[in-house]
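Step one of this worksheet: look at the structure below.
Only the coordinates and a few stated rules stand behind these numbers; no lab work does. This structure is a prediction, so every number in the text was calculated from the model and none was measured. Here the Cβ positions follow ideal geometry from the backbone for every residue, glycine too, while neighbour counts run over all protein chains shown.
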Protein chains: 2
Amino acid sequence: MVSRRGRGRPPGDSDARERIAAAAMHEFGEHGYDGATMRAIAARAEVDPALVHHYFGAKADLFAEVAGFPVRPDREVPAILRERRSDAGERIVRFVLEAFERPDVRKRGVMVLRTAVSGKLTGPLVTGFLSRELLPRIAADLDAPDAELRATLVASQVAGLIIARYIVELPAMKEASMGELVERIGPTIQRYLFD
Amino acid sequence: MVSRRGRGRPPGDSDARERIAAAAMHEFGEHGYDGATMRAIAARAEVDPALVHHYFGAKADLFAEVAGFPVRPDREVPAILRERRSDAGERIVRFVLEAFERPDVRKRGVMVLRTAVSGKLTGPLVTGFLSRELLPRIAADLDAPDAELRATLVASQVAGLIIARYIVELPAMKEASMGELVERIGPTIQRYLFD
């Protein structure tokens, strides 16, 4: 039952998207987030690099898609920082909580975080993405010599929040209202970013 | 090759300790941290409950031993709080960092934390221990109506710190000095506890 589309590989055939995704997983798995290139992914998928960009955008977008990221902190958090600084800490906490209150986001977000912490081979991939796409973008907006440490401290508290409320489900954290958590944790994030 | 000690089961025979540990893992696994009783563990190991206490102390001690806890936050953190409040946040961060700088502690501590986050059946056991033995002891020392939430917020930042520095090894966090991290994160812990 070989379909006509399965034979030959014209550059824009409709299963090219799946081939690119599969090739991306291979390349990311073999070379890590930094080491994988869009060119090598295209070559493995037997398509033109332009088609990879056409379907998936930049490398970060491709990775976020194949890794199952349910939201894009690498876009959202810098956008929050650029909008207004005075209450950015609270708005970052609210962004995380509002996202994770959605069951689909929670399910995939928990999976991604578990992968990062698991010690499995795929763990460093997620870390590589964070180190390359999320933390430097936050740091760039801070314009301070210790910006990377500041961004990483923010990541540590946000990861701890997600784990305590949505993974380990510690009762006091699970039962707290969103407003209460924004009020408690927001100032921490604000201090890590700007104090 | 049945050894003489292997036959019959006098209450204090020298492999009783191992039998108790094995029985404890069974009972904790079946009934959870709260549900497992010292009496049932003794019965499964075919020893007198007094012998369980003799070898392992209280249930928390027995669990900490069979779960491989490398340090006892359920004892150490309350001790830090009782000693002096004015810089307790910094001292808690220092306690965590000094413990995890020791390779043996780090190895087992990472294992315990991974278990808690993993979604495996053993995860809730670790959470049960934290919910019953660590967080209420911290909360009891705080004497505030929202003490449990405060203790849980502390746990969330400490977990995030351990994950960022020792598991995921985000560069800025891994390379920061202990003093720097104490200075940045100590005030967060202090604020969660007392502000």
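Checking the a/c ratio against 1.5 first, then a/b against b/c, what shape does the Cα gyration tensor give for the protein assembly as shown?
oblate
Helix-only mean residue ellipticity at 222 nm, chain B, DSSP H runs n ≥ 4 weighted -39,500 (n - 2.57), per residue, nearest 500. What is it?
-21500 deg cm²/dmol
Go through B:168, B:80, B:149 and say which Cα lies farthest out towards the positive end of the charge dipole of chain B; charges sit on Cβ, +1 for Lys and Arg, -1 for Asp and Glu.
Farthest towards the positive end: B:168.
Using 0.36 nm times the number of residues separating residue B:101 and residue B:85, minus their current alpha carbon distance, what extension gain do you get?
3.3 nm
Defining the label point at 7 Å along Cα→Cβ, can you sort the distances from residue A:31 to the same site in each other copy, shortest first, in nm?
Label point to label point, same position, other copies: 5.6 nm.
Report the relative contact order of region B:1-149, percent, no decimals, based on alpha-carbon pairs under 8 angstrom and at least 6 residues apart.
For region B:1-149, the relative contact order is 23 percent.
So how do B:55, A:33 line up by other beta-carbon neighbours within 10 Å, fewest first?
Ranked by crowding around the Cβ, least crowded first: B:55, A:33.
For the rotation that superimposes chain B on chain A, which residue of B has the C-beta lying nearest to the axis, and at what distance in Å?
Closest Cβ to the B-to-A rotation axis, residue and whole-Å distance: B:160, 1.
Give me the angle, in degrees from 0 to 90, between the Cα long axis of helix A:147-162 and the longest principal axis of the Cα atoms of chain A, rounded to the nearest 10.
With rounding to tens, the tilt is 90 degrees.
What whole number of Å gives the distance from the Cα centroid of region A:39-63 to the Cα centroid of region A:82-148?
24 Å
So what's region B:9-66 giving for Cα Rg divided by 2.2 N^0.38 Å, two decimals?
This ratio for region B:9-66 stands at 0.97.
Nearest 10 degrees is fine. How inclined is helix B:16-35 to the longest principal axis of chain B, computing both from alpha carbons?
60 degrees
For a quick check: sort A:129, B:56, B:194 by the number of other beta carbons within 10 angstrom, fewest at the front.
Least crowded to most crowded, the residues run B:194, B:56, A:129.
If you fit an axis through the alpha-carbon atoms of helix A:178-194 and take the longest principal axis of the Cα set of chain A, what angle between them do you get, 0 to 90°, nearest 10?
The helix A:178-194 is inclined about 80 degrees to chain A.
If each label sits 7 angstrom from Cα along the C-beta direction, how far apart, in nm, is residue B:46 from its counterparts in the other copies?
6.5
Over the Cα atoms of chain A, compute the convex hull volume and normalise it per residue, giving Å³.
Given the Cα convex hull of chain A, per-residue volume reads 141 Å³.
Might you report the magnitude of the Cβ-based charge dipole of region A:66-195 about its Cα centre, with Lys and Arg at +1 and Asp and Glu at -1, to the nearest 20 debye?
Roughly 420 debye, rounded to the nearest 20.
Please report, for residue B:86, the nm distances (one decimal) from its label point, 7 Å out from Cα along the beta-carbon direction, to the equivalent points in the remaining copies, shortest first.
Listed shortest first, these distances are 3.6 nm.
Quick check on the exposure proxy: order A:188, A:37, B:122 from fewest to most C-beta atoms within 10 angstrom.
A:37, B:122, A:188
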